[in-house]
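Here is the structure we will look at, set down as structure tokens.
The values are calculated or read from the model by the stated rules, or taken from the named source; none is laboratory data. Small disclaimer: the values here were computed from a predicted structure and weren't measured. Positions of Cβ are backbone-derived with ideal geometry, glycine not excepted, and every protein chain shown enters the neighbour counts. In case anyone asks, the SASA skips ligands and DNA or RNA and just uses the protein heavy atoms, side chains included. Shrake-Rupley method; radii C 1.70, N 1.55, O 1.52, S 1.80 Å.
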Amino acid sequence: MTVPKDKPVSLRTERAKRSGAAAETTKGPGFPATRMRRNRRTDWSRRLVRQTSLSTDDLIWPIFLIEGARARTPVAAMPGVEQLSVDLAVKAAEEAAALGIPAIALFPHIDPSLRDEAASEAVNPGNLVCRAVRAIKAAVPEIGIVCDVALDPYTTHAHDGLLIGGEIDNDRTVEILIQQALIQAEAGCDILAPSDMMDGRIGAIRAALESNGFVNTQLLAYAAKYASAFYGPFRDAVGSAGRLKGDKLSYQMDAANGDEALREVALDIAEGADMVMVKPGLAYLDIVWRVKETFRVPTFVYQVSGEYTMLVAAAERGWLDRERVILESLMAFKRAGADAILTYFAREAAKLLKR
Ligand code: PBG
């Protein structure tokens, strides 16, 4: 694995700061007293000095849902990923649990006729996501279930919030998100993951959960979520492709900003988030690192649809070694400080890690 030449130095300095040791002492004497290759010569030695580990315990597997029975539809923009009817999602959850994957994340592709301006289906306790949560909880109680809190699968315009007078209305959106969160918690969702990027929603949802008795429901805040072109294939998977009017720049973050991510994370922690997320992953590893260094809270990262598709497409052409780039990209998240990773490779990676 190659690492840019300047990186090890700055990482070592950071680590030295953390441990209180001077950066100088970790550098050691020069060549030939120091030969970096000594520790790398043998497999047993490489294993001993290995700093970061990747385990199936780090993985969350996102699953797309569709209506029907025994229905599976390939997602064209994500080769190898399928939308599953609830009965098959239960089977997938069983498989994930058997592999040791701690949690799955559910994303619905609802019937387009159910989309409306008010996102009514998002607050229907009998909607696709809630039915899937109940079925999975009944069949595989030991697996954790993560549900998105956002309106994009439910609105005609595919925005994460309500479009009122040509703008995404923050406070009226939050009112709906609270209801969406409560029905998902009621269905048995373990981790609610607001991915909408409205201001104040973590505090509002936390208060509603507490006052309704859902004191153990965890909140995973998509705290630093960037307005990214890497979400393209996902929008295909939830039926939002081609619907989105305009862009999400008024609520998702500007790719140019790093400090702003720290403010977002600070607010979400203050409002009651149990974990925070950085998204996308590979193009935002600096943000993962800064968030973990600054706050030391459980920090998750999302290897999003476009990241998945890039690797799969290159591997299909024989340009990259699929298995190795999967594990290397996941290891990069761990090295940057992530505690857990949402990845469409979760099942495959779990199998690779078993070898
Ligand atoms: C929607 C949502 C998105 C993703 C997760 N939740 C897309 C978006 O914000 O447009 C992206 C996931 C992926 O690309 O894999 N709130």
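Determine whether the stretch 235-246 contains at least one residue that is surrounded by 17 or more Cβ atoms within 10 Å (Cβ to Cβ), modelled with pLDDT under 95 and touching a strand residue (DSSP E or B) at 6+ places or on another chain (Cβ under 8 Å).
Taking every residue of the stretch 235-246 in turn, at least one turns out to be surrounded by 17 or more Cβ atoms within 10 Å (Cβ to Cβ), modelled with pLDDT under 95 and touching a strand residue (DSSP E or B) at 6+ places or on another chain (Cβ under 8 Å).
Select from the stretch 310-350 the residues that are among the basic types (K, R), in contact with a helix residue (DSSP H, G or I) (Cβ under 7 Å, 6 or more places away or on another chain), away from the ligand (no atom under 16 Å from the Cβ) and under 16 Å from P79 (Cβ atoms) and list them in ascending order.
R322
Among the numbered criteria (1) within 20 Å of the chain's Cα centre (by Cα); (2) within 16 Å of the ligand (Cβ to nearest atom), which one does D190 miss?
Only one criterion is unmet by D190, namely (2).
E167 is checked against (1) within 15 Å of the ligand (Cβ to nearest atom); (2) more than 21 Å from the chain's Cα centre (by Cα); (3) of a type outside the set (F, W, Y) and fails just one. What number does that condition carry?
Against the list (1) within 15 Å of the ligand (Cβ to nearest atom); (2) more than 21 Å from the chain's Cα centre (by Cα); (3) of a type outside the set (F, W, Y), E167 comes up short only on (1).
What pairs come up if the first residue lies in the stretch 302-328 and is farther than 30 Å from A221 by Cα, the second is of a type outside the set (G, A, S) and within 16 Å of the ligand (Cβ to nearest atom), and their beta carbons are under 7 Å apart, counting only those six or more places apart or on different chains?
Every condition considered, the pairs that remain are E316/P79; L320/L311.
What's the number of the condition A96 fails, among (1) away from the ligand (no atom under 16 Å from the Cβ); (2) out of contact with any strand residue (DSSP E or B) (no Cβ under 6 Å at 6 or more places or on another chain)?
(2)
Answer yes or no as to whether P141 is more than 12 Å from the ligand (Cβ to nearest atom) and closer than 24 Å to M275 by Cβ.
Yes: the conditions hold for P141.
For G318, work out the one condition from (1) at positive phi; (2) part of a helix (DSSP H, G or I) it doesn't fulfil.
With respect to (1) at positive phi; (2) part of a helix (DSSP H, G or I), G318 is out only on (2).
For the stretch 198-206, does any single residue satisfy the condition of being part of a loop (DSSP other than H, G, I, E, B), surrounded by 20 or more Cβ atoms within 10 Å (Cβ to Cβ) and within 15 Å of the ligand (Cβ to nearest atom)?
yes
Would you pick out the residues in the stretch 170-187 that are within 13 Å of the ligand (Cβ to nearest atom) and of a type in the set (V, I, T)?
T173
Across the stretch 66-92, what is the total count of residues that are out of contact with any Lys or Arg (no Cβ under 9 Å at 6 or more places or on another chain) and among the aliphatic types (A, V, I, L, M)?
Here the count works out to 8.
Of the conditions (1) crowded, with 22+ Cβ neighbours inside 10 Å; (2) out of contact with any Ser or Thr (no Cβ under 7 Å at 6 or more places or on another chain), V288 satisfies every one except a single condition; which number is it?
Condition (2) is where V288 drops out.
Please state which one of A93, A76, A98 is within 25 Å of R322 (Cα to Cα), of a type outside the set (S, T, Y), open to solvent by 30 Å² or more (accessible area, probe 1.4 Å) and assigned to a helix (DSSP H, G or I).
Exactly one residue qualifies, and that residue is A98.
Could you check the stretch 215-309 for helices (runs of 4 or more DSSP H) lying wholly inside it with 2 or more residues that are within 15 Å of the ligand (Cβ to nearest atom) and under 30 Å from R115 (Cβ atoms)?
Of the helices (runs of 4 or more DSSP H) lying wholly inside the stretch 215-309, those with at least 2 residues that are within 15 Å of the ligand (Cβ to nearest atom) and under 30 Å from R115 (Cβ atoms) span 232-237.
Which of the residues spanning the stretch 130-177 are surrounded by 19 or more Cβ atoms within 10 Å (Cβ to Cβ), among the hydrophobic types (A, V, I, L, M, F, W, C) and part of a helix (DSSP H, G or I)?
Across the stretch 130-177, the qualifying residues are C130, A132, V133, I136, V174, I176, L177.
In the stretch 188-197, what residues are open to solvent by less than 10 Å² (accessible area, probe 1.4 Å) and outside any loop (DSSP other than H, G, I, E, B)?
Listed by number, the residues that qualify are L192, A193, P194.
What are the residue pairs meeting all of these: first residue in the stretch 115-136, first residue within 16 Å of L192 (Cα to Cα) and aliphatic (A, V, I, L, M), second residue open to solvent by 50 Å² or more (accessible area, probe 1.4 Å) and at pLDDT 95 or above, Cβ atoms under 6 Å, and 6 or more apart or on different chains?
V123/Q179
Which residues, counting only those in the stretch 311-346, are over 15 Å from the mean Cα position of the chain (by Cα) and basic (K, R)?
Within the stretch 311-346, R317, R322, R324, R335 qualify.
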